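Reviewing the structure listed below.
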Amino acid sequence: MSAPYHVKVSPAAVKSIKKLAAKQQRGVIQLMESLAVNPRPSGANRVAGMRGLYTEMANEFRVVYKIDNQDVLLLVVKSKKISHHKGALPHASENHSVIASE
């Protein structure tokens, strides 16, 4: 069965993923594979005030992604321990553009 969604990863998320230990990287990759099949799983939460942004946990890391037609754009990978700090998630009033790599 092929995935109905194409997962793209932002340069910032790639940089964050490369810094993770191998086990943690596998968790993020497994999440990416599952999002390709179902980008709105029961554990995903919408980011308040941000249209199309969702958060999901991969091990102890929060992944922020955007669903755009048949694309899932992985934007941010942050440690759950610091995700509550200012700047961990974009604010609704900020204008963010995403350049995804394939």
Relative contact order (%) - the stretch 6-79, alpha-carbon pairs under 8 angstrom, separation at least six: 37 percent
Approximate shape of the stretch 1-81 as ellipsoid semi-axes (Cα gyration tensor, √5λ), whole Å, largest first: 18, 15, 12
Cβ-based exposure ranking for ARG51, ARG46, in which fewest neighbours within 10 Å come first: ARG51, ARG46
Kirkwood-based shape ratio for the stretch 1-46, expressed as Rg/Rh from alpha carbons: 0.99
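The numbers here are math on the coordinates, done by the rules we state, and not lab data. Small disclaimer: the values here were computed from a predicted structure and weren't measured. Glycine also receives a Cβ, built like all others from the backbone with ideal geometry; neighbour counts cover every protein chain displayed.
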